[in-house]
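Okay, structure first, notes after.
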C-alpha cells in the first residue's frame, strides 16, 4: 500500500459527504486555481516515456511523484495509452486513407505504425511537452496547503 504524503495528488481534491460517506470530489481540484509564476520548461518525449508519465517526472524532476502534474499540464497527453503514438505493430493501409490527394486509380498499400494510423494527432517520440519548473511545483504545494 502506498504511503500518503504531501505529494499524493488526492490531497488536492475537496472532500465531500455523499450519503453519509466522506468522498473526494473529483470535479474540484486546487490545481485549476493555481497560476504558475515561471515559464514552463520544454521536455522532449523519448521512446522510453511511452505510457510512462512517472518516468517523465523522474527525468524532469528526479522523482516519480509528479506524474500527475505532467498529465495535468499537458491535457492532450491525458490518455497515456493513446495520446502518445508509438507501437511495435504496423498495419498495411491504402495510401489514399492517409493522403486524400492520392487518386484512387493510382492507390497503393503502405506500411505504417498502427498507433500513428489510429491516432494521427497523438504525440510522437521527439515532440515537446511543457512542464512547470520545480520551484513552481513546490509553490503549488504551499498554495494548496494554505487554501
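Expressed in nm to one decimal, what extension gain is obtained for the pair residue 105 and residue 142 from 0.36 nm per residue of sequence separation less their Cα-Cα distance? Working shown, then result.
Numbers: separation 37, 0.36 × 37 = 13.32 nm, distance 6.35 nm.
Here the answer is 7.0 nm.
If R0 is 35 Å, what FRET efficiency do you get for residue 21 and residue 48 from their C-beta distance, rounded to 0.05?
Result of the calculation: an efficiency of 0.30.
Mind sorting 93, 18 by how few other Cβ atoms lie within 10 Å of their own Cβ, fewest first? Mind dumping the intermediate values first?
Details: 93 14, 18 10.
Sorted ascending by nearby Cβ count, the order is 18, 93.
Read-outs: derived from the displayed coordinates by stated rules, not from any lab. Since this is a predicted model, take the numbers as computed values, not measurements. Virtual Cβ from ideal backbone geometry, glycine too; neighbours counted across all protein chains shown.
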